[in-house]
Amino acid sequence: MAITVAGPRGLLRELRQTMADAMGAQDRLDKIVKLIADNMRADVCSFYVLRDDGALELFATHGLKSEAVHMTSLRLGEGLVGRIAAEAEPLSLSDAPSHPAFAYRPETGEDPYVAFLGVPVLRAGQILGVLVVQNAETRVYREDETEVLLTVATLLAEMVSTAEFDNLIKPGSDIELRRPRMIEGQVLSEGIALGQVVLHDPRVVVTNFVAEDTDAESERLERAIRTLRVSIDDMFNHGDMQMKSEHRDILESYRMFAYDRGWVRRMREAVAAGLTAEAAVERVQNDTRARMQRQSDPYIRDRLHDLDDLANRLLRVLTGDLKVFGARELPDNAVLVARNMGPAELLEYDRSRLRGVVLEEGGNTSHVAIVARSLGLVAVGQVDNIVSLSETGDDIIVDATTGTVQLRPPPDVEATYADKVRLSAKRQARFAALRDKPSITKDGQEIALFHNSGLIADLDALEETGADGVGLFRTELQFMIASKLPRLGEQVELYKEAIAACGDKPIVFRLLDIGGDKVVPYIRSAAEQNPAMGWRSLRLALDRQGLLRTQVRALLQAAEAKPLKILVPMVTESLEFRQAKNVIEKEHERLVRNGQTPPESIQIGAMIEVPSLLFELDRLLPMSDFISIGSNDLVQFLTAADRTNPRVSRSYDPIALPRLRALRLIAEAAENHGKPLTMCGELAGHPVEALALMAIGITRLSMAASSIGPIKELVRAVNLAPIREEVLAALGNEDPFLSMRDLIKELAARQALPV
């Protein structure tokens with residue numbers, strides 16, 4: 001007997017009513033599988049749910065033995081049901097027992113049934129279970145029948161995600177959707193944070209799945225697709241997208257998917273089967289995500305992110321939901337979870353409620369990581385697939401001592417981390433006790449410790465840590481978080497506040513360092529293939545001298561008879577430094593002519609971030625009052641490794657022999673010319689790296705406020721002379737396998753140093 005589908009839209013309406021009726025969870029499931037079987041004229045309909053132990057448990061059936069429910073299970077990959085779950089693909093067979101993957105369960109009483117159709121139940125690309133229909137007759141299920149079952153599976157996925165479903169789970173067990181997960185990543189800002197997930201770009205939540213009028217839903221879908229395509233075309237045709245760039249490549253992927261006939265056809269078919277336009281987008285994206293996640297080709301897996309973004313963009317067009325979490329909506333102990341985000345986006349959140357940041361991307365020297373450290377936020381990056389696995393409100397633990405993230409942790413893990421947090425508080429109390437003690441090694445070498453900063457809020461930490469001052473104040477953060485170019489008066493006010501917050505302690509203002517990956521929306525520039533080596537920082541400032549003069553003028557006015565230290569970033573050659581110095585000197589003369597109060601003194605320093613400057617040190621240093629090293633960019637350029645690209649940035653140790661030799665060259669030149677040298681890059685805040693820097697003669701270190709305590713503890717515990725002797729001797733070693741990191745760790749172990 002041929003089986004015909006009796007009204008898929010009618011089935012969806014009945015299922016929606018069943019989900020709304022007052023009844024127990026098991027009764028609801030039992031009724032659902034009976035409705036599906038009756039509508040599809042199937043002898044059997046069964047629903048299996050994937051448990052957290054990897055087993056697929058029979059949760060409901062119509063047609064098999066009722067006593068098999070919650071008693072029968074198959075391992076992931078076992079039998080036809082296990083195969084569907086493992087591959088996230090539908091499976092249709094006219095003679096299931098003859099299939100080599102068939103696994104017979106005698107307790108179910110499925111002996112009479114030969115025809116088999118099964119589909120995965122998916123949510124956000126995750127396998128939640130498998131929905132199956134069977135018939136006693138040998139037959140071939142049609143494509144429209146498969147489509148009906150996939151559509152119904154979308155509704156079941158939402159039921160599984162509700163709290164009501166928990167009543168069906170055996171004590172001591174859980175389902176895969178809510179399984180605790182431990183995911184490894186890269187430490188961006190050390191510490192431990194316990195809190196709740198807040199998705200930075202929250203997925204649109206689809207609440208209406210069943211279409212009342214499929215023709216109207218089809219029209220809504222078509223309008224949304226047209227709107228989406230127009231918006232992408234508009235972005236693509238924008239002036240700054242005409243040159244080849246990374247941004248243009250991303251939009252190319254977006255446009256390719258937006259015009260993909262297969263993607264659009266599958267959404268149209270889902271609407272025709274009775275889903276709303278939003279539910280159709282979600283269902284198709286679930287199917288696509290599940291397939292792409294199982295691909296080994298990294299290019300295909302990378303494209304999954306593009307398709308996720310595009311689907312979410314289409315959902316926002318459909319729903320008109322253009323909102324993201326606002327600062328006032330954050331719960332207490334919020335942990336931001338995002339694919340990636342810029343520093344300005346992070347600064348928009350209410351920092352009093354924010355405890356941590358977890359990113360799928362983002363490297364240790366990315367600007368969002370630097371800002372997170374500056375704010376004292378715990379942060380971990382390179383956490384694979386965290387956005388898809390998380391829901392806003394999930395419990396989360398961010399362990400940025402080991403680089404692990406615990407999502408939905410079990411109670412014993414949460415208790416263990418609560419103890420760790422208490423121990424961490426004791427450790428912080430130990431560091432606080434060092435606040436007023438001198439930063440001097442056991443053998444009498446003074447090591448000056450400074451903060452890196454960029455926000456007025458950071459400067460309160462000066463008092464807490466006992467640091468010697470601010471070695472680097474990143475003035476660009478004010479520009480990055482503003483919606484328009486800050487006026488002279490606004491800049492003066494900020495710099496005055498910063499100087500006042502430091503009291504008698506020195507503060508070094510770095511001139512505006514924007515461009516490249518530090519995007520300022522109101523300063524337009526053409527797209528560049530290599531933005532890190534493009535129109536940025538000092539190059540931009542010298543070309544836009546009005547911008548530079550205004551900032552220098554603001555700094556001079558803010559100083560008001562106090563000493564002023566200005567650091568010139570991204571100096572490539574001594575001529576550029578001379579040009580920047582001329583601008584500062586002319587603005588100083590102008591200030592005096594106008595009868596305004598000049599600074600008590602002005603010191604102008606150069607930041608060494610470009611390798612070519614290493615060969616101009618003897619020309620540069622006589623005209624500089626001090627120099628600083630920006631290790632983030634310097635190491636990037638020395639290794640030709642993009643510091644934001646984890647595939648290459650992890651391959652190069654910043655304190656390996658070639659890099660330490662370069663840093664030693666700078667230290668020797670500064671010593672010969674009698675000029676103060678400060679390390680302002682991220683190296684200074686890590687104990688092993690800090691020990692290496694001290695050993696090669698760099699005795700002024702600037703770091704995140706949270707690193708002052710650990711580094712001061714290290715300084716006060718070390719006898720530096722013997723370590724310096726061995727490290728300097730090793731710099732002349734020609735052994736290609738010599739690891740400076742291993743050597744420094746060994747030297748630290750001899751003195752039982754806290755590294």
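The values are calculated or read from the model by the stated rules, or taken from the named source; none is laboratory data. It should be emphasised that the depicted structure is a prediction, and the values quoted were computed from it without experimental measurement. All Cβ positions, glycine included, derive from the backbone under ideal geometry; neighbour counts span all protein chains shown.
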- [ ] Please specify each residue of the range 27-49 satisfying the condition of being under 16 Å from residue 155 (Cα atoms) and touching a strand residue (DSSP E or B) at 6+ places or on another chain (Cβ under 8 Å).
- [x] 29, 30, 32, 33, 34, 36, 37, 45, 46, 47, 48, 49
TODO: Examine the range 573-583 for a residue that is under 17 Å from residue 551 (Cα atoms), in a loop (DSSP other than H, G, I, E, B) and assigned by TED's automatic domain parsing to the domain that holds residue 676, and state whether such a residue exists.
DONE: no
Open item on the list: Take residue 622 and tell me if it is modelled with pLDDT under 95, surrounded by fewer than 19 Cβ atoms within 10 Å (Cβ to Cβ), outside the structural domain of residue 343 (by TED's automatic domain parsing) and not acidic (Asp, Glu).
Closed with: no
Task: Enumerated helices (runs of 4 or more DSSP H) restricted to the range 455-506, each holding at least 1 residues that are under 28 Å from the mean Cα position of the chain (by Cα) - done: 461-465, 476-481
Task: Search result, residues across the range 256-285 that are in a helix (DSSP H, G or I) and at pLDDT below 80 - done: 256, 257, 258
Task: Where residue 671 falls short, out of the listed (1) at pLDDT 95 or above; (2) charged (D, E, K, R); (3) more than 30 Å from residue 705 (Cβ to Cβ) - done: (3)
Open item on the list: Here is a check on your reading of the model: is residue 207 out of contact with any strand residue (DSSP E or B) (no Cβ under 8 Å at 6 or more places or on another chain), outside the structural domain of residue 17 (by TED's automatic domain parsing), within 29 Å of residue 409 (Cβ to Cβ) and among the hydroxyl-bearing types (Ser, Thr, Tyr)?
Closed with: yes
Open item on the list: Of everything in the range 720-730, what is surrounded by 16 or more Cβ atoms within 10 Å (Cβ to Cβ) and either modelled with pLDDT under 95 or in contact with a Ser or Thr (Cβ under 9 Å, 6 or more places away or on another chain) (or both)? Give them in sequence order.
Closed with: 720
Task: Sole exception among (1) under 24 Å from residue 17 (Cα atoms); (2) hydrophobic (A, V, I, L, M, F, W, C); (3) under 29 Å from the mean Cα position of the chain (by Cα) for residue 187, by number - done: (1)
TODO: Test residue 564 against the stated conditions and say whether it is touching a helix residue (DSSP H, G or I) at 6+ places or on another chain (Cβ under 9 Å) and modelled with pLDDT under 95.
DONE: no
Task: Selection status of residue 424, among the small types (Gly, Ala, Ser), at pLDDT below 90 and not in a loop (DSSP other than H, G, I, E, B) - done: yes
- [ ] State the number of residues belonging to the range 176-216 that are under 30 Å from residue 50 (Cβ atoms) and part of a helix (DSSP H, G or I).
- [x] 3
Task: Candidate set from the range 404-456 (those that are closer than 14 Å to residue 194 by Cα and hydroxyl-bearing (Ser, Thr, Tyr)); member that is surrounded by the most Cβ atoms within 10 Å (Cβ to Cβ) - done: 417
Task: Single match in 108, 138, 146 (criterion: surrounded by fewer than 23 Cβ atoms within 10 Å (Cβ to Cβ), more than 35 Å from the chain's Cα centre (by Cα) and closer than 17 Å to residue 30 by Cα) - done: 108
Open item on the list: What are the pairs with Cβ atoms under 8 angstrom where one residue, in the range 413-442, is among the aromatic types (Phe, Trp, Tyr) and the other, located anywhere, is outside any helix (DSSP H, G or I)? Sequence gap at least six, or different chains.
Closed with: 417/192; 417/194; 417/397; 417/399; 417/406; 417/409
- [ ] State yes or no: is residue 80 under 22 Å from residue 278 (Cα atoms), touching a residue at least 24 places away in the same chain (Cβ under 8 Å) and assigned by TED's automatic domain parsing to the domain that holds residue 54?
- [x] no
- [ ] May I ask you to say which residue of 199, 188, 177 is surrounded by 13 or more Cβ atoms within 10 Å (Cβ to Cβ), modelled with pLDDT under 80 and in contact with a strand residue (DSSP E or B) (Cβ under 8 Å, 6 or more places away or on another chain)?
- [x] 177
Open item on the list: Based on this model, can you work out whether residue 30 counts as crowded, with 17+ Cβ neighbours inside 10 Å and among the charged types (D, E, K, R)?
Closed with: yes
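Results for (1) surrounded by fewer than 22 Cβ atoms within 10 Å (Cβ to Cβ); (2) in contact with a helix residue (DSSP H, G or I) (Cβ under 6 Å, 6 or more places away or on another chain); (3) assigned to a strand (DSSP E or B), shown as yes or no for each residue.
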residue	(1), (2), (3)
103	yes, yes, no
112	yes, no, no
121	no, yes, yes
129	no, no, yes
TODO: Pick out, from the range 586-679, the helices (runs of 4 or more DSSP H) lying fully within it that include 2 or more residues that are among the β-branched types (Val, Ile, Thr).
DONE: 631-639
Task: Positions within the range 314-348 being surrounded by 18 or more Cβ atoms within 10 Å (Cβ to Cβ), at pLDDT 85 or above and more than 28 Å from residue 652 (Cβ to Cβ), in sequence order - done: 314, 315, 317, 318, 334, 335, 336, 337
Open item on the list: Anything in the range 61-115 that is polar (S, T, N, Q) and in contact with a Phe, Trp or Tyr (Cβ under 6 Å, 6 or more places away or on another chain)? List them, or say none.
Closed with: 92
Task: Residues located in the range 600-619, provided they are surrounded by 21 or more Cβ atoms within 10 Å (Cβ to Cβ), free of Cβ contacts under 8 Å to residues at least 60 places away in the same chain and touching a strand residue (DSSP E or B) at 6+ places or on another chain (Cβ under 6 Å) - done: 606, 608
Task: Counted residues, the range 657-709 - those being charged (D, E, K, R), farther than 20 Å from residue 605 by Cβ and either without any contact (Cβ under 8 Å) to a residue 40 or more places away in the chain or surrounded by 21 or more Cβ atoms within 10 Å (Cβ to Cβ) (or both) - done: 2
- [ ] Please work out which one of (1) out of contact with any Asp or Glu (no Cβ under 7 Å at 6 or more places or on another chain); (2) surrounded by 16 or more Cβ atoms within 10 Å (Cβ to Cβ); (3) touching a residue at least 40 places away in the same chain (Cβ under 8 Å) is the condition residue 116 fails and give its number.
- [x] (3)
Open item on the list: Can you report the number of residues in the range 204-226 which are modelled with pLDDT of 80 or more, of a type in the set (Val, Ile, Thr) and loosely packed, with under 13 Cβ neighbours inside 10 Å?
Closed with: 0
Open item on the list: small (Gly, Ala, Ser), under 23 Å from residue 488 (Cβ atoms) and under 36 Å from the mean Cα position of the chain (by Cα): is that true of residue 546 in this structure?
Closed with: yes
Open item on the list: I need every pair where a residue in the range 37-52 that is closer than 16 Å to residue 12 by Cα has its Cβ under 9 Å from the Cβ of a residue that is among the acidic types (Asp, Glu) and part of a loop (DSSP other than H, G, I, E, B), sequence separation at least 6 or different chains.
Closed with: 37/43
